[in-house]
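Asks: Encoded as structure tokens, here's the structure I'll be asking about.
Just so it is clear, none of the values below were taken in a lab; they were calculated from the coordinates. As the structure is a computational prediction, the values presented were derived from the model and not from experiment. When we count neighbours, we look across all protein chains shown, and the Cβ atoms used for this are built from the backbone with ideal geometry, even at glycine.
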Amino acid sequence: MLRSASHAPKIDDVVAAHAALRARRPLVQCLTNTVSTNFMANVLLAAGAAPAMVDNPEEAALFAGIADGVLVNLGTPTAAQVASMRLAAEAAEQAGKPWVLDPIGAGGLPWRGGIAAELLRFHPTIIRGNASEVIGLAGLGGGARGVDSSADPSAAVGPAVDLLAHAATVSASGPVDHVVGEIDGLGVALVRIAGGSPLLPRVTATGCALGALAAAYAAVAPDPLTGLVAAHVHYSVAAEIAEEAASGPGSFAAAFLDALDGVDEAALRDRARIEDAIPVPR
Amino acid sequence: MLRSASHAPKIDDVVAAHAALRARRPLVQCLTNTVSTNFMANVLLAAGAAPAMVDNPEEAALFAGIADGVLVNLGTPTAAQVASMRLAAEAAEQAGKPWVLDPIGAGGLPWRGGIAAELLRFHPTIIRGNASEVIGLAGLGGGARGVDSSADPSAAVGPAVDLLAHAATVSASGPVDHVVGEIDGLGVALVRIAGGSPLLPRVTATGCALGALAAAYAAVAPDPLTGLVAAHVHYSVAAEIAEEAASGPGSFAAAFLDALDGVDEAALRDRARIEDAIPVPR
Amino acid sequence: MLRSASHAPKIDDVVAAHAALRARRPLVQCLTNTVSTNFMANVLLAAGAAPAMVDNPEEAALFAGIADGVLVNLGTPTAAQVASMRLAAEAAEQAGKPWVLDPIGAGGLPWRGGIAAELLRFHPTIIRGNASEVIGLAGLGGGARGVDSSADPSAAVGPAVDLLAHAATVSASGPVDHVVGEIDGLGVALVRIAGGSPLLPRVTATGCALGALAAAYAAVAPDPLTGLVAAHVHYSVAAEIAEEAASGPGSFAAAFLDALDGVDEAALRDRARIEDAIPVPR
């Protein structure tokens with residue numbers, strides 16, 4: 001899945017990917033942390049995909065062959081779940097299914113950092129994290145504090161480019177999301193997506209669930225970069241809409257699910273804030 | 001608990017079961033998947049029951065003797081949890097406590113399919129699933145895709161009747177819920193419950209939580225079929241009310257909990273849509 | 001952390017602790033039950049703290065050194081998680097980090113009761129439970145039914161005082177919260193906090209999440225008793241505000257997160273109901 005995009009993703013590509021998501025309803029296998037399971041499944045359902053949280057070693061590989069995409073999230077790994085992650089990632093790679101690695105805490109915790117690094121050999125289609133996690137995974141030491149990002153996404157662009165040795169595309173979430181990947185004729189490029197809401201990081205597992213949505217979009221988009229950009233845009237637009245209806249983080253969480261469901265072509269065209277792709281040095 | 005109903009369940013029986021639930025507040029032990037735990041506990045609390053998610057092998061059997069009913073849901077089984085399920089199901093049968101089997105994914109995944117089939121020897125009081133799962137468990141192959149139902153509930157009636165060899169009553173959830181069980185003087189019969197909301201399957205774990213509510217109702221109803229019908233009716237009426245207050249799946253989930261709490265005798269009598277029982281061939 | 005309070009906590013102390021929470025945003029490591037993870041993380045985020053649910057044996061001790069406080073909740077223990085609890089509690093004690101023990105079900109279930117009793121040797125800063133759990137942990141047999149409290153908090157004062165042999169401060173949640181601890185010059189004292197909402201126990205994991213919030217406050221308050229009182233007051237005030245916006249338990253849960261976020265000095269001063277400390281016999 002180390003496939004390049006044929007051109008820089010624009011709003012028309014996002015609209016097309018969104019239409020494909022709604023039409024094909026991709027099934028995403030999620031091997032994820034205990035905090036995120038319920039919200040992640042609801043995010044996938046609201047956005048237009050289908051969730052299945054199959055993460056035991058007995059079924060993980062088999063199910064990766066059934067699913068349309070796989071998410072591996074290192075938030076609360078157990079020994080058994082890590083075994084499942086290896087099996088699912090390997091099976092996904094072999095079956096040509098897109099899979100997403102969310103390396104939560106990889107920078108600050110050696111045990112899971114080692115697991116994250118090891119999983120790179122199965123070539124994740126997408127790596128999505130916050131800036132600290134992307135920096136940490138790239139081996140630069142990110143100083144992540146818990147699961148929050150203490151680094152600015154722009155500081156993660158270099159490390160994200162380094163990670164393109166293993167993954168087709170990499171993003172760091174933040175007030176402005178930073179996505180890097182290879183584009184035919186342009187080389188390695190950065191696409192920035194603005195928008196969203198300051199309430200988004202006030203609700204737990206919103207970042208985790210974006211990783212799952214990225215797996216869903218990667219299953220229906222023409223290339224991983226377009227899929228990842230589309231997931232970020234759908235998320236940002238929905239967060240912006242939800243904020244208008246919210247009185248705080250609790251009402252925001254419910255309104256965000258409503259908005260993920262309600263986002264249509266008009267909302268995407270009206271609110272998407274995708275910057276033009278910028279070449280970045282490899 | 002392979003007890004027949006003395007007559008076809010009607011609205012008066014549902015109202016009486018609902019009053020008994022509120023008066024007795026049955027304690028339901030839930031051995032369930034990681035996606036559903038929080039929502040399931042909130043559904044039980046809102047409806048008028050009490051939850052306890054005791055699912056470790058050290059305590060599962062002991063707690064089945066303390067609880068008023070037990071739910072076993074195969075959504076995200078682990079080896080340890082499966083050991084607990086066997087212990088809890090056996091203890092529930094021996095203590096004469098009602099227990100519900102929700103065979104998620106039993107049709108499409110051989111490992112858990114084998115577990116589900118093995119658990120039948122402890123004679124679940126109730127089997128509740130979507131149509132694909134009921135068909136899959138009955139051994140006909142259901143083609144379940146993830147945890148969603150791709151089959152119509154009416155196609156599950158024959159398989160559900162087959163499962164009456166193991167369970168007192170069986171239901172397949174869908175736009176119209178199909179419940180089968182034995183009624184004195186009528187033999188095996190089908191009771192259909194309409195209503196509900198298209199938003200219900202857009203929220204994860206709503207089907208799972210219905211299984212837990214069925215265990216609660218089975219603990220207070222005169223027979224398993226009446227309990228299962230009452231759980232479906234309480235759910236359908238609450239979903240219909242919630243839809244009126246919802247702007248999408250996120251606000252629906254909160255409104256659904258409010259409505260489960262708010263449903264009273266008047267709402268049940270006004271909105272319940274229970275069809276007359278129809279005899280079906282064994 | 002068996003530190004006495006220098007004086008009985010008053011509203012000014014609560015306001016100061018609240019300001020410190022918002023300024024310092026303490027990181028709380030939560031080793032908790034599967035029902036509570038998502039809601040607990042959202043409660044911490046909404047109140048102004050940061051959550052991290054690191055509960056595997058490989059990382060539990062290391063992370064207790066990174067975190068500002070630790071919560072150990074016995075709601076759904078597994079063998080691996082119990083090993084992690086021992087490691088995290090020991091590491092917290094050695095590092096002088098405050099840690100909270102929530103002994104769910106300790107009174108009624110021997111296996112976890114033994115674990116809870118064993119964890120006392122690491123001297124929890126705070127023990128928080130409902131009355132039955134506090135009574136059960138103190139060895140008097142509480143008759144807990146599931147995770148609910150069937151005893152009145154006032155009946156837990158004696159047992160709570162007994163537990164001060166192991167912990168700096170102990171609280172029993174209920175319609176009126178009862179907090180005991182040692183105050184310089186006054187000796188062992190009881191502080192009662194009224195307010196809250198009858199909807200609070202209708203939402204699962206609200207008690208669990210209060211334990212996590214207590215760990216957050218203990219990390220920023222001058223002493224454990226003041227921290228525990230501040231957590232109870234923040235919670236009660238937010239619940240009272242949320243009830244005014246709620247139509248039932250579902251909308252209450254969202255409004256409660258909004259209110260935890262929205263509570264400011266004015267709301268605390270306007271609504272807090274802290275009774276004067278009363279000396280109690282040791």
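Asks: Looking at segment C:264-276, which of the residues that are outside any helix (DSSP H, G or I) and surrounded by fewer than 22 Cβ atoms within 10 Å (Cβ to Cβ) is nearest to the other protein chains (Cβ to nearest Cβ)?
Replies: Initially, segment C:264-276 is screened for residues outside any helix (DSSP H, G or I), giving C:264, C:272-276.
Subset that is surrounded by fewer than 22 Cβ atoms within 10 Å (Cβ to Cβ): C:264, C:273, C:275-276.
Values: C:Asp264: 12, C:Arg273: 23, C:Glu275: 29, C:Asp276: 32 Å.
My answer is C:Asp264.
Asks: Which of the residues belonging to segment B:219-255 are more than 19 Å from B:Pro26 (Cβ to Cβ) and in contact (Cβ under 8 Å) with a residue 60 or more places away in the chain? Let's see the steps before the verdict.
Replies: Filtering segment B:219-255 down to residues more than 19 Å from B:Pro26 (Cβ to Cβ) leaves B:236-237, B:239-255.
B:Ala253, the sole residue that qualifies.
Asks: Here is a further query. Are there any strands (runs of 3 or more DSSP E) wholly within segment C:1-99 with 2 or more residues that are surrounded by 24 or more Cβ atoms within 10 Å (Cβ to Cβ) and within 9 Å of chain A (Cβ to nearest Cβ), and if so which?
Replies: Working: elements: C:27-31, C:50-52, C:69-73.
Result: C:27-31, C:50-52.
Asks: In addition: Look through segment C:194-227, keep the residues that are of a type outside the set (D, E, K, R) and in contact with a Lys or Arg (Cβ under 7 Å, 6 or more places away or on another chain), and return whichever of them is surrounded by the fewest Cβ atoms within 10 Å (Cβ to Cβ). Even if it seems obvious, please write down each step before you answer.
Replies: Here is the first cut: in segment C:194-227, the ones of a type outside the set (D, E, K, R) are C:194-201, C:203-222, C:224-227.
Filter again for in contact with a Lys or Arg (Cβ under 7 Å, 6 or more places away or on another chain), leaving C:194-195, C:210-211, C:214, C:220, C:224.
On the way: C:Ala194: 13, C:Gly195: 19, C:Leu210: 25, C:Gly211: 30, C:Ala214: 33, C:Val220: 25, C:Pro224: 27.
Among those that are of a type outside the set (D, E, K, R) and in contact with a Lys or Arg (Cβ under 7 Å, 6 or more places away or on another chain), it is C:Ala194.
Asks: Given the structure, is B:Val28 under 15 Å from the mean Cα position of the chain (by Cα) and not aromatic (Phe, Trp, Tyr)? Reasoning before the result, please.
Replies: On the way: under 15 Å from the mean Cα position of the chain (by Cα): yes; not aromatic (Phe, Trp, Tyr): yes.
Against the criterion (under 15 Å from the mean Cα position of the chain (by Cα) and not aromatic (Phe, Trp, Tyr)), B:Val28 qualifies.
Asks: To continue, here is another question. Of all residues being in contact with a Phe, Trp or Tyr (Cβ under 8 Å, 6 or more places away or on another chain) and either farther than 19 Å from C:Leu210 by Cβ or among the acidic types (Asp, Glu) (or both) in segment C:101-125, which is nearest to the other protein chains (Cβ to nearest Cβ)? Just the residue, please.
Replies: If we filter segment C:101-125 for residues that are in contact with a Phe, Trp or Tyr (Cβ under 8 Å, 6 or more places away or on another chain), which is where we start, we get C:109, C:122, C:124-125.
Those left that are additionally either farther than 19 Å from C:Leu210 by Cβ or among the acidic types (Asp, Glu) (or both): C:109, C:122.
Values: C:Leu109: 5, C:Phe122: 21 Å.
Within segment C:101-125, the match that is nearest to the other protein chains (Cβ to nearest Cβ) is C:Leu109.
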